Amino acid sequence: MGGMAPPQVRPQSPLLALPGAVAAQGIDEGIAWHYGDPIAEQRAAESGAALFDRSNRELITVTGDDRLTWLHTLTSQHLSDLADGASTAALVLTPTGHVEHHAVVTHQDGTVFLDTEPGAGAALAGYLDGMRFWSKVEVASAAYLAILTVAGPRAAAVVETADSHARFTRLTAEGIDLVVPRAELGATAAALRAAGATPAGSWAADALRIPTRRPRWGVDTDEKTIPNEVSWLQTAVHLNKGCYRGQETVARVHNLGRPPRRLVMLNLDGSAGTLPETGDPVTTGAGRTVGRLGTVAQHHELGPIALALVKRAVEPGMPLLAGAIDAAVDPDDAVEAADATPVSAIDRRALRQIRKA
């Protein structure tokens, strides 16, 4: 559902042996939080090339003649004609439309690769395997593969120069992904560093992702999240495809245009010297809970910021607390004027049903 349990044994990345590496905790255990200077790492990603270790993500393969049409029926994305070499994102929803799984999907040389958050791979593979029935598909773990990402204006030049061991490369919202045999992870990272990429940890990755409002499943979402509340409605949902589990909720909320919550960026008070934590409540000055805190990070220009799922009506300027820290919704996240349009009695009943689901 919305949270995840870490796997029993989390692989330790060889990049943790690099100078200055500080190990991450929580969901990103097994990779580096930073390599001694997270602010410089963020700047490298914006002005040059940064190497992000994403080897903690879990990969699954789907093979067989029915691989694309079968996945098309099970997920929110149009996958039946996904071209060879193409990548997209897809969701598995509950019958009531809540996000149960999020995965990046790549079709490469007759195999569909799905990669998802640390700790979520076994549950996704188990669900898919249980839905095979008579379809000509096979679902398997791809733990022998790992992901490195190069981001920044010089990313393409670095990848072209490096002598990598990539099984394949792809372009995603994170940058240029290199999917490599796990045994070659260290050697590929060394080649990318030699070509000019600066190692960057999960702190930098989170800090740069927050202003884009791109969520991580299980971090910025919970068990009640529907695609309409976050950017996945644009990136992981095909609104005109055939029926799939949870589609009714997605279509109903899309037609109404008023999801119960929305993902926003919070600007946090930096004078306290501490940061709130993922999962902390977002409350009003009167103590009313209006949301849930997701990713939190110190940005090299914006200072302390966070993602939060908040009630639809929460506007910039409203005094808030993120945990015990003063916070405010970023001005760019003002509620659209269209939300002021009166809602009919029929629409109100539909919204109440969605909120209760």
* To do: Check region 184-199 and report whether any residue there is modelled with pLDDT of 95 or more and in contact with a Phe, Trp or Tyr (Cβ under 7 Å, 6 or more places away or on another chain).
  => yes
* Give region 301-320 a look and list any residue that's touching a Gly at 6+ places or on another chain (Cβ under 7 Å) and not in a loop (DSSP other than H, G, I, E, B), or say none. => Gly303, Pro304, Ala306, Leu307, Ala308, Leu309, Val310, Lys311
* **Subset of region 39-72 [crowded, with 23+ Cβ neighbours inside 10 Å and more than 17 Å from Phe113 (Cβ to Cβ)]** => Glu41, Gln42, Ala45, Ala49, Ala50, Leu51, Phe52, Asp53
* Test each condition in (1) over 23 Å from Leu68 (Cα atoms); (2) in the same structural domain as Ala173 (by TED's automatic domain parsing); (3) more than 23 Å from the chain's Cα centre (by Cα) for Gly242 and report the one that comes out false. => (1)
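The values are calculated or read from the model by the stated rules, or taken from the named source; none is laboratory data. Bear in mind that the values here come from a model prediction, so they are computed numbers and not experimental data. Quick reminder, even Gly has a Cβ in these numbers, built from the backbone with ideal geometry, and neighbours come from all protein chains shown.
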